[in-house]
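A quick write-up on the structure given underneath.
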Amino acid sequence: MSELRLPAVIVNFKAYAEVEGAGALRLAEACQEVAEQTGVSIVVCPPATSLGEISRVATIPVYAQHVDARRPGAATGRLTPELIRATGAKGSLINHSEHRLLLADIGAVVTMCRENDLTTVVCTDTSATSAGAASLGPDFIAVEPPELIGGNISVTDAQPEVVEHTVKAVQRIDENVRVLCGAGIKTGRDVKRAVELGADGVLLASGVVKAKEPTKALADLVQYL
Ligand code: G3P
């Protein structure tokens with residue numbers, strides 16, 4: 001994988017109306033501005049339709065939101081690791097709570113991404129599933145309790161034990177796999193707490209994508225890193 005400085009903040013644009021059309025590039029530019037001003041490692045995950053456009057101009061890493069365990073060929077509508085690599089993107093989320101995969105496909109796609117030099121971030125929901133996913137050898141596990149996603153209560157306040165237990169469970173399986181956490185993260189204090197709980201960074205979305213002023217919101221989020 002291409003090296004990512006830690007702690008890292010990954011901003012998932014999802015499919016919010018704010019990132020339709022030119023919105024995705026505008027948001028990526030805002031994230032890049034904060035990365036340059038603060039020196040914090042920030043990654044953007046635009047929708048697949050904007051991956052090429054943003055990868056061509058961004059100096060911060062660009063990851064896909066999803067990748068399929070499919071080889072190049074007759075695979076209509078699928079996103080192969082090769083297609084993602086060819087956009088210039090450097091990695092992908094895998095098995096996001098809003099786009100779950102079969103366990104066998106997670107294992108296969110982690111391997112296929114590695115063959116394509118793409119960084120892998122496998123999303124999970126508990127420390128137990130995180131341990132299982134860690135055994136597949138991804139670069140990152142991102143643990144996110146689904147019921148907290150998109151809300152205003154941070155995983156670090158509502159379920160700090162999920163983060164702590166995940167860090168321990170993953171380390172027991174493979175100490176090279178790094179752990180991120182996400183769901184409801186909205187403030188710099190939430191991000192600071194995530195790192196105190198042992199995470200190597202955070203995966204977040206609505207706190208930046210839906211903010212009135214995304215640059216300000218992201219600058220607040222990274223202020224203690
Ligand atoms: O991919 C990040 C995510 O699922 C968390 O979303 O809106 O709770 O930050 P959000």
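For T76, state whether it is of a type in the set (V, I, T), surrounded by fewer than 23 Cβ atoms within 10 Å (Cβ to Cβ) and touching a residue at least 40 places away in the same chain (Cβ under 8 Å). It is false that T76 is of a type in the set (V, I, T), surrounded by fewer than 23 Cβ atoms within 10 Å (Cβ to Cβ) and touching a residue at least 40 places away in the same chain (Cβ under 8 Å).
For every residue, the table says whether it meets (1) part of a loop (DSSP other than H, G, I, E, B); (2) within 14 Å of the ligand (Cβ to nearest atom); (3) hydroxyl-bearing (S, T, Y).
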position: S130; (1), (2), (3): no, no, yes
position: E161; (1), (2), (3): no, no, no
position: I185; (1), (2), (3): yes, yes, no
position: D190; (1), (2), (3): no, yes, no
position: A199; (1), (2), (3): yes, yes, no
position: A211; (1), (2), (3): yes, yes, no
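Just wondering, is there one or more residues in region 21-41 that are surrounded by fewer than 19 Cβ atoms within 10 Å (Cβ to Cβ) and within 14 Å of the ligand (Cβ to nearest atom)? No, because not a single residue in region 21-41 is surrounded by fewer than 19 Cβ atoms within 10 Å (Cβ to Cβ) and within 14 Å of the ligand (Cβ to nearest atom). Of the residues making up region 114-128, just one is part of a helix (DSSP H, G or I) and in contact with a His (Cβ under 6 Å, 6 or more places away or on another chain), namely S127.
Among the residues of region 59-107, those identified as polar (S, T, N, Q) and over 19 Å from P138 (Cβ atoms) are T59, T76, T87. When region 163-183 is filtered for residues that are open to solvent by 80 Å² or more (accessible area, probe 1.4 Å) and either hydrophobic (A, V, I, L, M, F, W, C) or within 16 Å of the ligand (Cβ to nearest atom) (or both), only I173 remains. Put simply, of A74, A69, A104 the only residue that is over 30 Å from A217 (Cβ atoms), more than 16 Å from the ligand (Cβ to nearest atom), outside any helix (DSSP H, G or I) and out of contact with any helix residue (DSSP H, G or I) (no Cβ under 8 Å at 6 or more places or on another chain) is A74. Of the listed requirements (1) open to solvent by less than 10 Å² (accessible area, probe 1.4 Å); (2) part of a helix (DSSP H, G or I), Y63 misses just one: (2).
The values are calculated or read from the model by the stated rules, or taken from the named source; none is laboratory data. This structure is a prediction, so every number in the text was calculated from the model and none was measured. Don't worry about glycine lacking a Cβ; one is built from the backbone with ideal geometry, like all the others, and counts go over all protein chains shown. Remember, those area values only see protein heavy atoms, side chains included, never the ligands or the DNA or RNA. Shrake-Rupley method; radii C 1.70, N 1.55, O 1.52, S 1.80 Å.
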